[in-house]
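The values are calculated or read from the model by the stated rules, or taken from the named source; none is laboratory data. Source: prediction; values computed, not measured. Neighbour counts run over all protein chains shown; Cβ positions are idealised from the backbone, glycine included.
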Amino acid sequence: MNGPVVECVPNFSEGKDARRVEAIVAAMRVDGVHLLDWSMDADHNRSVVTVAGEPAAVVEAAVRGAGKAAELIDLTRQEGSHPRIGAADVIPFVPVSGIKLEQCVLLARQAGLEIWRRFGVPVFFYEAAAARPDRANLDNVRLGQFEGLREAVHKDPSRRPDLGGPDLHPTAGACAVGARKFLVSYNLYFDTGDVATMRALAREMRAALGGSRGVKAMAGVAQGRGQLALNITDFEATPISRVHRAVTELAVRHKTEIVEAEIAGLIPEAACERESAWMRQLTGFDPQAKILERRLESPLAWPATR
């Protein structure tokens, strides 16, 4: 691709109805934007879409996706194990080539303004695009989820959106729009279905890796197996091999072990560690489909508009 390339990875609060998710993805089709990946997670009732392309076109694609999500997803009827505040829950912009993180901040601000103007969905800015230091951490924005935030914006002025509000959209909630570095979504599955063990592992692992610096962990159960859903937010500071080693050692103490691992979404070439233990353990890892740079060379076809 010629010129600057930006990636956008919107997360939508729907992972069970394929027709709705396809409609949201189809709505994001814009000239100059390539569809790289999209997946649905019924356990968490969440879908993740990855697009990349020319910056202004990617902003437009993200805004259209947020609008279609607001049309199709009703949070008062939606529930899942993943925390969420909106139908289009988070929309991060990520620099790929020929563009800096600071420029992605401006793209995030543009997208947020258009989401509020066109669809009446209030917006919080997070990570590098945060308008306030306490909102750099997405967890602070999501505190209480949709139901709790809906009440908090009336009781606590510090919880109100950066754009719009104070009321959230009655069915689509709010949208967190940000700019960040590459994030690797790394899921580990264990030979136990005990959620207490998973929570202990997540808690101890965060401590072992110096708190939340570079790694976020969420414990749960998926298809009867214990799961650690890990977001590695700075793989240069904390390589995935270090994360895998820490989890493996802690699992022994809890008398469990990793039985399967996966990368959700895409991973940049620079994060891959060839012949490492964690890469050998991945299930169904196809470099052509899962490595960002290779997928850019052969993007997916867009779903047909229904």
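Would you mind stating whether P268 is surrounded by 15 or more Cβ atoms within 10 Å (Cβ to Cβ) and farther than 26 Å from N137 by Cα?
Considered against the rule, which asks whether it is surrounded by 15 or more Cβ atoms within 10 Å (Cβ to Cβ) and farther than 26 Å from N137 by Cα, P268 comes out as no.
Given the condition buried (at least 22 other Cβ atoms within 10 Å of the Cβ) and not in a helix (DSSP H, G or I), answer yes or no: does some residue in region 60-67 qualify?
No, there is no match, as no residue in region 60-67 is buried (at least 22 other Cβ atoms within 10 Å of the Cβ) and not in a helix (DSSP H, G or I).
Go through the residues of region 128-141 one by one and say whether even a single one is touching a Cys at 6+ places or on another chain (Cβ under 9 Å) and either among the polar types (S, T, N, Q) or in the same structural domain as Q110 (by TED's automatic domain parsing) (or both).
Yes, there is a match, as at least one residue in region 128-141 is touching a Cys at 6+ places or on another chain (Cβ under 9 Å) and either among the polar types (S, T, N, Q) or in the same structural domain as Q110 (by TED's automatic domain parsing) (or both).
Conditions tested, residue by residue: (1) at pLDDT below 90; (2) within 23 Å of G65 (Cβ to Cβ); (3) touching a His at 6+ places or on another chain (Cβ under 7 Å); (4) in the same structural domain as S81 (by TED's automatic domain parsing).
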| position | (1), (2), (3), (4) |
| --- | --- |
| A174 | no, yes, no, yes |
| F190 | no, no, no, no |
| G193 | no, no, no, no |
| L209 | yes, no, no, no |
| A217 | yes, no, no, no |
| L228 | no, no, no, no |
| R242 | no, no, no, no |
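Mind listing whichever residues of region 294-306 are of a type in the set (G, A, S) and surrounded by 14 or more Cβ atoms within 10 Å (Cβ to Cβ)?
None; the set is empty.
Select from region 229-238 the residues that are over 21 Å from M198 (Cβ atoms) and either free of Cβ contacts under 8 Å to residues at least 12 places away in the same chain or crowded, with 18+ Cβ neighbours inside 10 Å (or both) and list them in ascending order.
F235
Counting just the residues of region 277-293 that are among the charged types (D, E, K, R) and part of a helix (DSSP H, G or I), which one comes out surrounded by the fewest Cβ atoms within 10 Å (Cβ to Cβ)?
The residue in question is R280.
Is it the case that some residue within region 93-107 is within 15 Å of the chain's Cα centre (by Cα) and closer than 19 Å to E22 by Cβ?
Looking for residues that are within 15 Å of the chain's Cα centre (by Cα) and closer than 19 Å to E22 by Cβ, one finds none in region 93-107, hence no.
Restricting to region 37-55, name every residue that is in a strand (DSSP E or B) and charged (D, E, K, R).
D37, D41, R46
Working only within region 68-105, note down all residues that are of a type in the set (G, A, S), surrounded by fewer than 19 Cβ atoms within 10 Å (Cβ to Cβ) and assigned to a loop (DSSP other than H, G, I, E, B).
If the condition is that a residue be of a type in the set (G, A, S), surrounded by fewer than 19 Cβ atoms within 10 Å (Cβ to Cβ) and assigned to a loop (DSSP other than H, G, I, E, B), then G80, S81, G98 are the ones that fit.
Please verify whether region 19-36 includes one or more residues that are within 25 Å of A219 (Cβ to Cβ), not in a helix (DSSP H, G or I) and not hydroxyl-bearing (S, T, Y).
no
Does region 12-20 contain any residue that is hydroxyl-bearing (S, T, Y) and either within 23 Å of D139 (Cα to Cα) or in contact with a Gly (Cβ under 6 Å, 6 or more places away or on another chain) (or both)?
Yes, there is a match, as at least one residue in region 12-20 is hydroxyl-bearing (S, T, Y) and either within 23 Å of D139 (Cα to Cα) or in contact with a Gly (Cβ under 6 Å, 6 or more places away or on another chain) (or both).
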